[in-house]
Structures are given as C-alpha cells and as structure tokens.
Amino acid sequence: MSLRLTGPAFILLLMLSLSVGANPQSLIFSHVVSPDTPKEKMAAMFKSIVESKMGEKFTVVIHPNAELMNDEEAIDAVSEGRIHFAAPSVSKFDAYTKKLKVFDLPFLFSDIDAVERFQNGPVGQSLLESMKSRGIVGLGYLHNGLKQLSANKPFKLPSDLEGLSFRIMDSDVLDKQFRAIGAIPVPMAFSDVYDALGSNRIQGQENTWSNIFSKRFYEHQPYIMESNHGVLDYMVIASNGFLDSLDKSEKRKFEFAMNMAIRYGNAVAIAKSINDRNELRAMKGIKVFKPTGKEVDLWRDSMEPIWKEYELIIGEDIIKAAYSSG
Ligand code: LMR
C-alpha cells in the first residue's frame with residue numbers, strides 16, 4: 001500500500017524538509033592582523049553575538065592575517081558584495097573617499113580620546129556614510145591606537161631618519177609626512193612588512209603598539225620612539241547590498257551585535273595599547289624612548305605644514321572639526 005500525502009500534511013512535510021536542508025548563510029569577515037589584537041577580538045565578539053541571535057540563518061567566518069586577501073582587496077570585495085565585512089585602517093580608503101585622509105594628518109589629534117570625540121561627533125558620524133554610493137557602509141569606528149615610529153638605528157630628531165626607507169600604508173598623506181623629514185616612504189601591504197624589515201628593504205616603519213608587538217616588528221626594529229604622531233583606527237564596513245537584503249529585525253540585530261562588539265574591541269584596544277607598550281619596554285635589547293616636549297615640537301614643526309595642502313582635498317570643515325576635538 002502506498003502512502004499518499006495531500007493538502008496540509010504535504011505542505012507541512014515540504015516545509016520541514018526545506019528547513020532541515022537550509023544551511024546558514026556564511027558571512028565573510030576579512031582582516032589582516034593577528035588573533036591577539038583588538039580587531040580580531042571585536043570580530044570574534046561580533047560573530048558570537050550574531051550566531052547566538054540568528055545562528056539558524058547566519059554564520060560569520062573570520063579570516064585573519066590577510067589569509068584571504070589584503071585590506072585594499074577587501075575594500076573592493078565589500079564594495080562589490082563579494083565579502084560582507086571588513087575593518088581596514090581608515091588610511092586605506094583613498095580610492096573611495098578623500099575625506100578619511102583627515103585621520104592621516106600628523107599631530108592632528110592629541111590623544112585617543114580626542115580621536116573618539118571626533119568619531120562620535122556629527123562630522124565623524126557623517127563620514128561613515130561617505131562611501132554609500134560605492135556600496136560600502138561604515139558601521140562604526142574601532143580603535144587600534146596612536147602610531148609610534150621605529151627604526152633599525154638610534155634616532156631622536158627628524159634629521160636622524162634622513163635617507164631611511166619607511167614602510168607606509170598606501171596613503172599620499174603618509175607619503176608626504178615621511179618626505180617632510182627626508183625619509184623615503186615605501187607603500188606596502190601589512191603582510192609584507194615583517195619580511196621587508198628582516199631583509200633591510202625598509203629600515204623603519206610606523207604602527208601601533210599592538211601591531212608592533214603582535215607582528216614582532218620589534219625583532220628588526222630595536223629603536224622605538226613614543227611619538228604618538230598619528231592615529232591608526234579602523235572603519236568597520238559592510239556591504240550595502242548585503243545590508244539591504246536584511247529585514248528590519250535582522251538589521252536591528254546586526255546593529256546591536258556590531259555596537260557591542262565595537263565597545264568591547266575599543267576596551268581591548270586601550271588595554272592592549274598599555275600592555276603591549278609595557279611588554280616592549282621590558283624587552284631586553286629594545287629601546288623604547290620618550291621624546292622631550294622640545295623634541296616633539298621639532299617633529300611636529302617638520303610634519304604639520306602638510307595640513308595646509310589638504311584643506312581643499314579633505315575639506316576645511318572636516319579638518320577643523322577634528323582639530324577642535326582636542
Ligand atoms: C597596517 O597596514 O599597518 C594596518 O592597517 C594593519 C591593521 O589592520 O592594523
């Protein structure tokens with residue numbers, strides 16, 4: 001005897017079989033730093049909240065250490081909807097907006113609190129929307145911290161770095177910053193920096209305490225100046241196409257997950273910045289030195305003149321808002 005299902009029983013069976021077979025959608029989050037960094041901690045927290053709230057529908061797959069792609073490729077991939085999330089440094093969006101260059105201007109922010117005030121203010125918030133027409137939505141800012149200068153030889157004054165090659169993120173502001181002190185800027189992906197330092201292709205670099213420590217740049221850079229001359233923060237971005245595909249309740253849950261994750265990541269960033277600096281200071285053979293106020297003035301006087309060149313490119317109002325954040 002054959003069993004024939006009709007009407008409601010058939011529909012119920014069909015729905016059950018569809019839901020059993022439906023796999024959660026994999027959402028790709030690509031980044032370039034090590035697991036022991038504020039960015040990975042933030043991404044992991046985001047993943048855990050999204051999956052606890054919507055695990056039947058979404059899973060977040062995190063690719064650290066540039067294992068999938070570098071940041072420039074990730075920005076294109078988010079814009080084109082090939083991946084869903086990334087959190088590149090604000091220095092890397094040149095092809096999409098000139099406004100974010102404000103974060104690269106040397107000595108513009110006195111400390112990370114000033115950066116945060118700017119990011120949370122109306123101008124900083126409006127920058128999150130500055131790439132929407134290109135398919136990229138900023139969900140928020142994440143700190144890494146202020147940048148420090150390091151080199152393979154002792155230095156104190158800007159003139160000590162003359163003729164040395166310094167790795168930079170691919171940013172014309174950073175290019176000018178190093179040219180202003182007579183050094184040679186070399187744009188390079190983050191994943192290539194350690195080897196380039198080891199082979200002496202570059203003799204110096206600028207980065208945060210957490211990146212210098214977690215990527216072991218110090219192994220080839222025993223001289224580190226607490227220069228705090230610029231900021232390396234992230235914009236957490238999502239594909240506009242993906243966000244548009246969500247219903248209202250899903251959107252709210254993603255927003256909640258990201259806000260919580262960023263809060264957590266920012267707390268990690270502050271703690272790691274202190275911890276990793278202390279780790280480096282305690283290392284044998286590593287000389288971390290703090291410039292005097294007068295020495296800082298010399299660095300600032302060499303680098304600050306480039307602000308003027310960017311008033312029209314970035315927008316005077318944006319630079320003013322950043323500067324007045326302290
Ligand atoms: C760099 O390229 O130095 C940074 O953007 C790496 C990072 O993501 O912190």
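The values are calculated or read from the model by the stated rules, or taken from the named source; none is laboratory data. Everything numeric here is computed off the predicted structure, so don't read it as measured data. Neighbour counts are summed over all protein chains in view; Cβ atoms, including those assigned to glycine, are modelled from backbone coordinates with ideal geometry.
Yes/no per residue for (1) closer than 21 Å to Ile168 by Cβ; (2) touching a Ser or Thr at 6+ places or on another chain (Cβ under 9 Å); (3) at pLDDT 95 or above:
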residue	(1), (2), (3)
Asn228	yes, yes, yes
Ser249	no, no, yes
Phe256	no, no, yes
Ser273	yes, yes, yes
Asn278	no, no, yes
Met283	no, no, yes
Ile313	yes, no, yes
Ser324	no, no, yes
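Pick from the stretch 192-218 the residues that are within 14 Å of the chain's Cα centre (by Cα) and of a type in the set (Ser, Thr, Tyr): which of them is nearest to Val173 (Cα to Cα)?
Thr208
Collect the residues in the stretch 84-99 that are more than 10 Å from the ligand (Cβ to nearest atom) and either of a type in the set (A, V, I, L, M, F, W, C) or at pLDDT below 95 (or both), keeping them in residue-number order.
Phe85, Phe93, Ala95
Within the stretch 45-60, work out how many residues are within 24 Å of His143 (Cα to Cα) and touching a residue at least 40 places away in the same chain (Cβ under 8 Å).
4
Assuming Glu80 fulfils every condition listed in (1) over 18 Å from Met235 (Cβ atoms); (2) loosely packed, with under 15 Cβ neighbours inside 10 Å; (3) away from the ligand (no atom under 16 Å from the Cβ) apart from one, which condition is it?
Unmet condition: (1).
Check Val268 against each of (1) within 24 Å of Ile75 (Cβ to Cβ); (2) touching a strand residue (DSSP E or B) at 6+ places or on another chain (Cβ under 8 Å); (3) within 15 Å of the ligand (Cβ to nearest atom) and name the one condition it does not meet.
Among (1) within 24 Å of Ile75 (Cβ to Cβ); (2) touching a strand residue (DSSP E or B) at 6+ places or on another chain (Cβ under 8 Å); (3) within 15 Å of the ligand (Cβ to nearest atom), Val268 violates only (2).
Considering only residues that are within 13 Å of the ligand (Cβ to nearest atom), closer than 29 Å to Met131 by Cβ and assigned to a helix (DSSP H, G or I), which ones fall in the stretch 213-256?
Ser214
Under 14 Å from Leu142 (Cα atoms), crowded, with 19+ Cβ neighbours inside 10 Å and either hydroxyl-bearing (Ser, Thr, Tyr) or in contact with a helix residue (DSSP H, G or I) (Cβ under 7 Å, 6 or more places away or on another chain) (or both): does that describe Val90?
Working: under 14 Å from Leu142 (Cα atoms): yes; crowded, with 19+ Cβ neighbours inside 10 Å: yes; either hydroxyl-bearing (Ser, Thr, Tyr) or in contact with a helix residue (DSSP H, G or I) (Cβ under 7 Å, 6 or more places away or on another chain) (or both): yes.
Yes: the conditions hold for Val90.
Looking at the stretch 196-212, which of the residues that are over 21 Å from Leu108 (Cβ atoms) and hydrophobic (A, V, I, L, M, F, W, C) is nearest to the ligand (Cβ to nearest atom)?
Filtering first and then ranking leaves Ile212.
Name the pairs: first residue in the stretch 107-123 and at negative phi and surrounded by 18 or more Cβ atoms within 10 Å (Cβ to Cβ), second residue at pLDDT 95 or above and part of a loop (DSSP other than H, G, I, E, B), Cβ to Cβ under 6 Å, at least 6 apart or on different chains?
Filtered contacts from the stretch 107-123: Val115/Phe109; Phe118/Ser325.
Touching a strand residue (DSSP E or B) at 6+ places or on another chain (Cβ under 9 Å), among the hydrophobic types (A, V, I, L, M, F, W, C) and within 16 Å of the ligand (Cβ to nearest atom): is that true of Ile136 in this structure?
Against the criterion (touching a strand residue (DSSP E or B) at 6+ places or on another chain (Cβ under 9 Å), among the hydrophobic types (A, V, I, L, M, F, W, C) and within 16 Å of the ligand (Cβ to nearest atom)), Ile136 does not qualify.
Any idea which of (1) hydrophobic (A, V, I, L, M, F, W, C); (2) within 16 Å of the ligand (Cβ to nearest atom); (3) not in a helix (DSSP H, G or I) is the one Ala74 doesn't satisfy?
Every listed condition holds for Ala74 apart from (3).
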